[in-house]
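The values are calculated or read from the model by the stated rules, or taken from the named source; none is laboratory data. What you are looking at is a predicted structure, and each value in this text was computed from that prediction instead of being measured. Virtual Cβ from ideal backbone geometry, glycine too; neighbours counted across all protein chains shown. Surface areas here come from the heavy atoms of the whole protein model, side chains and all, with no ligands, DNA or RNA. Shrake-Rupley method; radii C 1.70, N 1.55, O 1.52, S 1.80 Å.
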Amino acid sequence: MPASLIQPEFKVKIDYDKCHKCGRCVQQCGWGVYSFNERPIPDDTKCRACHRCVTYCPAHCITIQKNDLAFRDNPHWTPALRKSVWRQAESGGVMLTGMGNDRPYLNVFDHLVLDACQVTNPSIDPLREPMELRTYLGRKPDSVEVETDGNGGFHLKEGTGVSNNIQLETPIIFSPMSYGSVSLNVHKSLAMAAERCGILMNTGEGGLHADLFPYQDHVIVQVASGRFGVTPEYLNRGAAMEIKIGQGAKPGIGGHLPGEKINREVSETRMIPTGTDAISPAPHHDIYSIEDLRQLIYSLKEATGYKPVGVKIAAVHNVAAIASGIVRAGADYVYLDGFRGGTGAAPQIIRDHIGIPIEIAIAVVDQRLRDEGIRNQASIIAAGSIRSSADMAKAIALGADVVAVGSAALMALGCHLCQGCHTGSCSWGLTTQKAELTRRVDPEWGAERLTNLVHAWSHELQEILGALGVNAVESLRGSRERLRAIGLDEQTCKILGVKPAGL
Amino acid sequence: MTYDPLLERMPTSRLPSFSDREGVFGGERPAYAEESPFKIHGGCGLMGICDESGKLMSGETAIRAMAVQRDRGNGLGGGYAGYGIYPEFPDHFCFHMMYHDLAAKEAAEAVFDQYFVIDLAEPMPTRPVKGISDAPLLWRYFLAPDPHKLEMAEMTAEDYVVHTVMLINSKVDGAYVASSGKNMGAFKGVGFPEEIGHYYILEEYQGHTWVGHNRFPTNTPGWWGGAHPFTLLDWSIVHNGEISSYGINSRYLEAFGYKCTLGTDTEVAAYLFDLMLRRHKLPMELACKALASPLWSEIDRMPEDQQALMRSLRAVYGPGMLNGPFAIVLGFNGGMLALNDRIKLRPLVAARQGSVLMVASEESAMREVLKSPDKVWTPKAGEPVIARVEGMDWPIHGDLHLSASEVSCAVTGVENSCETVEVV
């Protein structure tokens, strides 16, 4: 019998007439595709189509093609499902994967369009007029109380006003990706870019490496169920804290960092032995309901002199009720992670079949908080496949305060979405701890690319706001009147609070 | 009358159920929303004039100020509000009523009979004017709340009046309260403003403050009640502009209980003033800073305590910020307030001549009315122009204890906005 029934997904084609025989492809590939015998010889079975070799081939003589094997047509039994059965029959295990859900579910963002001004209200030119993106993350009072200073002026009444909010220069932050799942150089790139852009990065559940201390005012420190790297010092360093309950890519299950990725530095930061799997439990074992969450929120606040505390949850069916409970429990922001959100490692069956789209989650949470009159008590961060500034604008129009980007940030650093993060062999040096690979990301280079991405999206958001005829992002936030749906059913439109195009 | 506003207080179970969000998809039209069910776009002209010494001026002044701005409208709406015009009844609430037919008049008068002492009821004096047709029956009433019933209701007189406005606008088919304040009145209709002014014989009224409006809607609502000014008690609001942030402004207000049902920007502006001035007790200057916020770059350069104040105002009232082009004049018994959007996308010119402060969309209006103003200037974006009549009270209705939904219901009279009015 053959070792596997599964045929390679991709075919690596080398034009040997042009090949320099330099061996760079052999050196660049993290997956071990190439061997060298007078010329590079590819092993198609190992290729993940990450294009590292293609990008670095000096002769441009490598191309990757789909291995387009014909299967007997059967829409019910797609080739992918057949391969899954074969793979599980071989391994007996849970299939792991990386990055976000790739199934062709309806993409709501792609069925929403934005408005623009014509005649009765003017559009505004962001190249010539101020166009404000500044956003305050955190709890806000219902009203502002003032006292007169006796000379016709006013000042805030003592102890009132907006406090403990984090100022963001643009409504984009980097989503949590732990040191361990990604390399230290990735973390440094994110932290440096966050500082330059006036935004935030998020440690994820892997603790904060000492090299990031200089950027700590732009770091959200996460407290997840494994409590890796959580110390009073860690909490106090962050600009804000985040309790991670769930993740869009794997709602209801904990984290899994394979022992191969736990080297000495990761182990020190996480405070766990080297080489052991870091498995965070599915629930927090001190949070079995909302009242326990409230205690943890206030414990964290007490430990840090009342810094903001957010709660991250996966978008699931009753997300609106959960979010409402979280706000009432005292959270300063709710982080909603949609089912297309990325991950370093997750069971494929969970990633592809659990959770709801972020668009729906934003809409129902924002509406619920408004119905209950508590929308101002917490900000909403939306994540889970924000792919462009258009997705960002639509998410904000649906009601999000801020969007968080993870996959897009990794892509800025070279990620090609090959879904091999869990293997620890990322050829781009992102989701790996192998020194020969991680050094491929120079933090300075990474920070510049991330900064470029954030600036580019911010400029595009300004263009969108200008077309909408408003000059501050708060006038788009929750303004669903500026969205229309094309090709969405009536019920979905109602849930989104968006009219169909034409109305 | 089926419903007794004060004793039965409109039992909610008997009101039609109508959800805003369902309405988007073709649910039933509210009974008296004769405005378009869609948001009306358009531009306008406006004016406001106030003699801060309290000296009275003829309504002719307001007509002349609007007549030179005729081109800013298209004959589909014009209106005025005058203050200090009824010195013979200074303490009576004056109801200006619009009726579609006699049945509506009888039904509304039954309400007045039941809850008020009517000291004078008369047809609104009008004269035939070319260009004005399809006028509803126009009547005015000088009323005082029946003292016994007022005491029974355990309400302030203002609350009592607003409840009545609410009742008539939402429950009396074909009747609409154009204004309900003391010593003031709104005169509005479908037509060019100078035609409307002549139709109502405004030159025979003397007031210390006048506001006027000329409407250019992009569709043809044709409803007299839909013309500006919108009023509640003695507040009146005229508005030129298109609030590009209408979507979030209305959702923000809904969270406080207001119901934005008419789809007009003016309604949103009126509720925001009510929220900030009456319910949150913000000073007028700061409410203006919240509605037309300074830029962050300006705030960052302010002294530290002002920075903290302005940051809080913007962060808290950001969803209420009126973004997009507008010029608004808010009239009240005691003065007026004029405000432009934050980057001045709509015209607003101001002038002073002695104790007279005037604002208008076009300078031509001042040149026509004031002749030799001491100063004419263009107020900066977001900088309010405030006129106060000497010796008169600050305009906040301290005796008003209305919920947001009651204000919505009173202003619009759309049943939908009344459904959540609580049974006390």
Filtered residues of the stretch B:52-84 (kept if on the phi > 0 side of the Ramachandran plot and over 19 Å from the mean Cα position of the chain (by Cα)): B:Gly54, B:Gly75
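Do you know which of the residues in the stretch A:469-481 that are of a type in the set (Gly, Ala, Ser) and not in a loop (DSSP other than H, G, I, E, B) is surrounded by the most Cβ atoms within 10 Å (Cβ to Cβ)? Break it down into steps so the answer makes sense when it comes.
Let us first name the residues in the stretch A:469-481 that are of a type in the set (Gly, Ala, Ser), namely A:469, A:472, A:475, A:478-479.
If we keep only those that are not in a loop (DSSP other than H, G, I, E, B) too, we end up with A:472, A:475.
Numbers: A:Ala472: 23, A:Ser475: 30.
Only one residue fits best here, namely A:Ser475.
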For the stretch B:305-358, which residues satisfy the criterion of being crowded, with 24+ Cβ neighbours inside 10 Å, touching a helix residue (DSSP H, G or I) at 6+ places or on another chain (Cβ under 9 Å) and part of a strand (DSSP E or B)? B:Phe326, B:Ile328, B:Leu330, B:Leu337, B:Leu339, B:Met358
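So for the stretch B:114-121 (the condition being more than 19 Å from B:Val162 (Cβ to Cβ), out of contact with any strand residue (DSSP E or B) (no Cβ under 6 Å at 6 or more places or on another chain), outside any strand (DSSP E or B) and of a type outside the set (A, V, I, L, M, F, W, C)), does at least one residue qualify? Even if it seems obvious, please write down each step before you answer.
Here is the first cut: in the stretch B:114-121, the ones more than 19 Å from B:Val162 (Cβ to Cβ) are B:119-121.
From what's left, out of contact with any strand residue (DSSP E or B) (no Cβ under 6 Å at 6 or more places or on another chain): none.
No, the stretch B:114-121 has no match at all.
Rundown of residues vs (1) in a helix (DSSP H, G or I); (2) open to solvent by 10 Å² or more (accessible area, probe 1.4 Å); (3) farther than 30 Å from B:Gln114 by Cα; (4) among the basic types (Lys, Arg), yes/no style:
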residue	(1), (2), (3), (4)
B:His148	yes, yes, no, no
B:Met155	no, yes, no, no
B:Glu158	yes, yes, no, no
B:Ile168	yes, no, no, no
B:Gly185	no, no, no, no
B:Gly191	no, no, yes, no
B:Glu195	yes, yes, yes, no
B:Gly212	no, no, yes, no
B:Arg215	no, yes, yes, yes
Can you name every residue in the stretch A:51-80 that is farther than 30 Å from A:Arg39 by Cα and either under 27 Å from the mean Cα position of the chain (by Cα) or of a type in the set (Lys, Arg) (or both)? A:Arg72, A:Ala80
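Can you name the residue in the stretch A:482-502 that is at the interface with chain B (Cβ under 7 Å from one of its Cβ atoms) and free of Cβ contacts under 8 Å to residues at least 40 places away in the same chain and, of all such residues, is surrounded by the fewest Cβ atoms within 10 Å (Cβ to Cβ)?
The first filter runs over the stretch A:482-502 and keeps only residues at the interface with chain B (Cβ under 7 Å from one of its Cβ atoms), leaving A:482, A:490, A:494, A:497, A:499.
From the residues that got through so far, the ones that are free of Cβ contacts under 8 Å to residues at least 40 places away in the same chain too are A:490, A:494, A:499.
Values: A:Glu490: 11, A:Lys494: 17, A:Lys499: 18.
Top of the filtered list is A:Glu490.
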Let me spell it out: the conditions are (1) closer than 30 Å to A:Leu127 by Cβ; (2) in a helix (DSSP H, G or I), and A:Arg484 meets all of them except one. Which number is the exception? (2)
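Conditions tested, residue by residue: (1) touching an Asp or Glu at 6+ places or on another chain (Cβ under 8 Å); (2) in the same structural domain as A:Arg139 (by TED's automatic domain parsing); (3) within 28 Å of A:Thr231 (Cβ to Cβ); (4) modelled with pLDDT of 95 or more.
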{"position": "A:His285", "(1), (2), (3), (4)": "no, yes, yes, no"}
{"position": "A:Leu296", "(1), (2), (3), (4)": "yes, yes, yes, yes"}
{"position": "A:Lys301", "(1), (2), (3), (4)": "no, yes, yes, yes"}
{"position": "A:Asn318", "(1), (2), (3), (4)": "no, yes, no, yes"}
{"position": "A:Arg340", "(1), (2), (3), (4)": "no, yes, no, yes"}
{"position": "A:Arg351", "(1), (2), (3), (4)": "no, yes, no, yes"}
Any residue that is within 11 Å of chain A (Cβ to nearest Cβ) and surrounded by fewer than 19 Cβ atoms within 10 Å (Cβ to Cβ) - is there at least one of those in the stretch B:264-271? no
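Can you tell me which residue is farthest from B:Val359 (Cα to Cα) among those in the stretch B:65-99 that are among the hydrophobic types (A, V, I, L, M, F, W, C) and in a loop (DSSP other than H, G, I, E, B)?
Going through the stretch B:65-99, the residues among the hydrophobic types (A, V, I, L, M, F, W, C) turn out to be B:65-68, B:76, B:81, B:85, B:89, B:93-95, B:97-98.
Checking which are in a loop (DSSP other than H, G, I, E, B) leaves us with B:68, B:76, B:85, B:89.
Working: B:Val68: 14, B:Leu76: 22, B:Ile85: 20, B:Phe89: 28 Å.
Checking each candidate, the answer is B:Phe89.
Run down A:Met201, A:Met177 and say which single residue is assigned by TED's automatic domain parsing to the domain that holds A:Tyr306 and farther than 30 Å from A:Met95 by Cβ. Walk me through it before giving the result.
Numbers: A:Met177 fails: farther than 30 Å from A:Met95 by Cβ.
When all the criteria are applied, what remains is A:Met201.
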Within the stretch A:112-144, can you find the residues that are surrounded by 15 or more Cβ atoms within 10 Å (Cβ to Cβ), at the interface with chain B (Cβ under 8 Å from one of its Cβ atoms) and either over 30 Å from A:Thr492 (Cβ atoms) or in contact with a strand residue (DSSP E or B) (Cβ under 7 Å, 6 or more places away or on another chain) (or both)? A:Thr120, A:Pro122, A:Ile124, A:Pro130, A:Glu132, A:Arg134, A:Tyr136, A:Lys140, A:Pro141, A:Ser143, A:Val144
Filter the stretch B:287-304 for residues that are of a type in the set (A, V, I, L, M, F, W, C) and open to solvent by 10 Å² or more (accessible area, probe 1.4 Å); the one that is nearest to B:Ile237 (Cα to Cα) is B:Leu295
In the set A:Leu476, A:Leu417, which member is among the hydrophobic types (A, V, I, L, M, F, W, C) and on the phi > 0 side of the Ramachandran plot? A:Leu417
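Being part of a helix (DSSP H, G or I), among the aliphatic types (A, V, I, L, M) and more than 7 Å from every other protein chain (Cβ to nearest Cβ) is the filter; apply it to the stretch B:278-304 and report the residue that is farthest from A:Leu137 (Cα to Cα).
My answer is B:Met284.
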In the stretch B:238-257, which residue that is assigned to a helix (DSSP H, G or I), over 23 Å from B:Ala381 (Cβ atoms) and touching a residue at least 24 places away in the same chain (Cβ under 8 Å) is farthest from the other protein chains (Cβ to nearest Cβ)? B:Leu253
